[in-house]
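Values in this text are rule-based calculations from the coordinates and carry no lab data. Predicted, not measured: the structure shown is a model, and the values here were computed from it. We place every Cβ from the backbone using ideal geometry, glycine too, and count neighbours over all the protein chains shown.
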Amino acid sequence: MKPVLIIDPGHGGKDPGGGSNRYWVEKDMNLSISLYQYQRYEQLGIPVAITRQKDVTLSPAERTKIVRDSGARYCHSNHINAGGGDGGEIIHSIYGGEDMAEEIAFELKHAGQNIRRIFTRTLPNDRARDFYYMNRDTGKVVTNIIEYGFADSRGDDVDQVKDHWQELAESVVRAFCTFSGFSYKGNGVSETLTKYLSLPPEALSWRVYPIDATPVKGNEKGFLRPDKFGGLTYKVIGSPQAHVYLIQTRDFGKVQIYAHPNTGAIVSAK
């Protein structure tokens with residue numbers, strides 16, 4: 001069976017990686033995180049592959065070829081950052097991967113890691129091509145480069161990665177399951193979080209849509225009125241696509257709602 005996901009432990013062999021400190025060498029921490037995730041996906045019955053399972057050197061061409069030839073649709077490329085910042089970062093291609101990156105950022109945040117940014121970067125001399133080869137040269141595989149924290153952080157990243165790397169790794173597993181629709185079952189390292197959607201009281205009305213319709217203007221089932229109640233909060237019972245959530249309402253039953261962060265809606269977890 002072809003893998004749905006391939007995991008890439010960054011660096012390896014002759015390349016130790018720049019995100020190292022007195023507690024860990026980046027290539028080894030990347031491998032620990034990746035092998036943990038690889039085992040978890042296997043436990044969950046999700047077809048998965050990995051670019052390396054030991055400390056070997058892979059050139060960029062070799063690494064990206066493994067990803068391209070894997071048959072996987074998605075890739076996690078695991079890394080530890082350096083440069084004095086603090087917080088997690090997720091890098092996606094200019095051609096896609098933002099939705100998965102946002103789900104990973106959400107779960108990392110609720111595992112205790114602050115998110116510094118989600119971003120893309122292009123080559124200085126060619127804005128039509130990604131800067132990072134794992135985004136640029138992995139073909140149709142949707143690749144997210146995940147930086148779990150800074151090895152030289154002046155904040156709390158060092159302790160978080162050193163003492164809680166399993167919780168951070170597990171949060172990415174949970175994010176991928178939510179994003180891709182696979183069933184997730186916790187293993188005690190990090191329990192499943194319930195998401196809640198809050199609509200601000202400033203909103204006069206909010207469109208909701210039938211669960212079997214495309215959530216676009218004209219397909220409305222009705223309108224919620226957060227302003228009348230000082231704001232509204234709903235338990236999220238599903239997310240069929242990025243920023244679209246399934247909620248149970250009193251007046252309309254189970255419906256879809258579009259709630260991108262720029263609309264003022266807030267998604268939190270408990």
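Provide, for q = 0.15 Å⁻¹, the log10 of I(q)/I(0) from a solvent-free Debye sum over equal Cα point scatterers in the chain.
-1.11
For residue 228 and residue 194, what is the calculated FRET efficiency with R₀ set at 25 Å and r taken between the beta-carbons, to the nearest 0.05? Don't jump to the answer; show the numbers that get you there.
Working: r = 25 Å, r/R0 = 1.02.
FRET efficiency, residue 228 to residue 194: 0.50.
Which whole DSSP H helices in the chain pass both tests: a Cα extent of 20 Å or more along the axis and a mean Kyte-Doolittle value no lower than -1.0?
Values: long enough: 26-43 (26 Å, -1.36); 157-180 (30 Å, -0.29).
Span-like helices in the chain: 157-180.
Where does the charge balance sit around residue 163 when Lys and Arg score +1, Asp and Glu -1, over other residues with C-beta under 15 Å from its C-beta? Write out the running numbers ahead of the final one.
On the way: positive: 22, 162; negative: 156, 157, 159, 167, 170.
Every neighbour counted, the sum reads -3.
Okay, which of segment 68-102 sit inside 15 Å, backbone N to the point 7 Å along the Cα-Cβ direction of residue 32?
The answer is 79-81.
Give a quick list of GluC sites (Glu not before Pro) in segment 7-86 that DSSP marks as loop, anything other than H, G, I, E or B, with at most 15 other Cβ atoms within 10 Å. Could you put the intermediate results ahead of the total?
Numbers: sites: 26, 42, 62; in loops: none.
For GluC sites (Glu not before Pro) across segment 7-86 that sit outside H, G, I, E and B with at most 15 neighbouring Cβ atoms in 10 Å, the list is empty.
Working from the alpha-carbon coordinates of segment 195-269, get Rg over Rh, Rh being the Kirkwood radius. Walk me through the intermediate numbers first.
Working: Rg = 11.0 Å, Rh = 12.1 Å.
When Rh is taken as the Kirkwood radius, the ratio is 0.91.
Rounded to the nearest 0.05, what FRET efficiency is calculated for residue 53 and residue 14 with R0 set to 22 Å and r the Cβ-Cβ distance?
Working: r = 17 Å, r/R0 = 0.79.
The formula returns an efficiency of 0.80 here.
I'd like to know which of 23, 219, 80 lies farthest towards the positive end of the charge dipole of the chain, counting +1 on Cβ of Lys and Arg and -1 on Cβ of Asp and Glu.
Checking the options against the dipole of the chain, the answer is 219.
Compute the semi-axes of the equivalent ellipsoid of segment 1-85, taking the square root of 5 times each eigenvalue of the Cα gyration tensor, and list them largest first in whole Å. Walk me through the numbers on the way to the answer.
Details: eigenvalues 105, 43, 22 Å².
Result for segment 1-85: semi-axes of 23, 15, 10 Å.
Using 0.36 nm per residue, how much length does the chain from residue 212 to residue 43 gain when fully extended, once their Cα-Cα distance is taken away? Write out the running numbers ahead of the final one.
Values: separation 169, 0.36 × 169 = 60.84 nm, distance 3.20 nm.
Answer, rounded to one decimal: 57.6 nm.
How many nm separate the modelled label positions at residue 260 and residue 131, each set 7 Å beyond the Cα in the direction of the Cβ?
Simple spin-label model gives 2.4 nm for this pair.
Taking amide H atoms as placed 1.01 Å from N in the peptide plane, list the residues 5 or more away in sequence, or in a different chain, whose amide H sits under 5 Å from that of residue 49.
5, 6, 7
Which percent, to the nearest 5, of DSSP beta bridges fully inside the chain are antiparallel? Please list the in-between numbers first.
Values: 28 of 47 bridges.
That works out to approximately 60 percent antiparallel.
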